[in-house]
Amino acid sequence: MDALAIEQAVSMLRRAELVAFPTETVYGLGADATNAHAVARVFELKGRPSNNPLIVHVADIDQALALVSRWPATAEKLARRFWPGPLTLVLPRNDVIPDIVCAGGPTVAVRCPDHPVALELLRVFGSPLVGPSANKSGSVSSTTAEHVRTSFGDRVHVLDGGPCLRGIESTVVRVEGAHATILRPGVVTHEQIAEVTDVDTYEPVYAPDAAGAMPSPGMLRRHYAPATPTRLFDRTQRRAVLDRVETGENLIILSHGIDTEHGALIRMPRDAESYARELYAAMHRADDAGADAILIELPDAEGQVWSAIRDRLRRAAAG
Ligand code: AMP
Ligand code: MG
């Protein structure tokens, strides 16, 4: 990305305009995190409920320090080990960041993204940026500049940094003293975090009445969802799913396990990292196909990245 493109984006951000930028996870809808008006436009454009806080993106640990009222040794260790990278830390906040960013709550979520364009933008801007996924609230995240343009047309300036390499959102971790709790699984795994600190995982409950029990207002049960009705199936149902297509039902299938060539089938990778990287692009394709339903095979392999993928798939198919 040339310096001119970054300069142009920075002057837009300084005028409280929005700029979508690539990160290693998904594209972010960027705005000046210290400007409540700019942040309000992000909520408005996304149609995001005001009780769902935004992640604040920083260039480095120093920028994060300026936003928090406490920075436990655990936060320092996690940031040193995983930043820049797909790990978001939730910490007690000070009043540098306006309330709207944190949905009025006492904490702020911060992360330093591992992408040269995002880092350059943050460095030249010199101040933190909010960066929720650059898509309408609740729908499938954007992993290409094209996805962003499809969501927002010319209402948002997009810095095109190519397809995102990780493909699913950051791991969100609440840090309290020496203890960490994973609020949202991601590609930084429980095992990796456990090498640094004592950690447990908040187990989301997918019951319809679970909303009251959520530790973070942002952990919506239905999220990351295509507009087309989406259902999950398991390996024992592969044949039955193919039979439905063959009898003429207008379905699109996402599967890493079905081998046959079929127009209705989007074949997914068998390794977790590639699956995560391709997931949202596949969901966008499936959504654009005009099918009556999308059927996704829920992978059953062990591993934290697969767990993060299952988390996104369950939310996509909820409700
Ligand atoms: P998104 O920007 O769409 O990837 O969503 C950001 C997610 O980060 C939200 O859905 C929340 O789960 C989480 N988050 C952001 N800020 C906070 C916070 N202050 N406390 C807890 N979770 C947060
Ligand atoms: Mg999102």
Of the conditions (1) small (Gly, Ala, Ser); (2) on the phi < 0 side of the Ramachandran plot; (3) away from ligand 1 (no atom under 16 Å from the Cβ), the single one that residue 141 does not satisfy is (3)
Which numbered condition residue 180 fails, given (1) in contact (Cβ under 8 Å) with a residue 12 or more places away in the chain; (2) small (Gly, Ala, Ser); (3) within 23 Å of residue 20 (Cβ to Cβ): (3)
Whether any residue in the range 135-148 is away from ligand 2 (no atom under 16 Å from the Cβ), of a type in the set (Lys, Arg) and modelled with pLDDT of 95 or more is what I want to check. no
Can you tell me which residue within the range 111-134, out of those that are more than 14 Å from residue 23 (Cα to Cα) and surrounded by 19 or more Cβ atoms within 10 Å (Cβ to Cβ), is farthest from ligand 2 (Cβ to nearest atom)? 125
Residue check: is residue 266 away from ligand 1 (no atom under 16 Å from the Cβ), of a type in the set (Val, Ile, Thr) and modelled with pLDDT of 95 or more? yes
Name the pairs: first residue in the range 245-267 and within 15 Å of residue 293 (Cα to Cα), second residue surrounded by 13 or more Cβ atoms within 10 Å (Cβ to Cβ) and polar (S, T, N, Q), Cβ to Cβ under 7 Å, at least 6 apart or on different chains? 265/255
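The values are calculated or read from the model by the stated rules, or taken from the named source; none is laboratory data. Keep in mind that this is a model prediction, so the values were computed, not measured. Here Cβ is always computed from backbone atoms with ideal geometry, including for glycine, and neighbour counts include all displayed protein chains.
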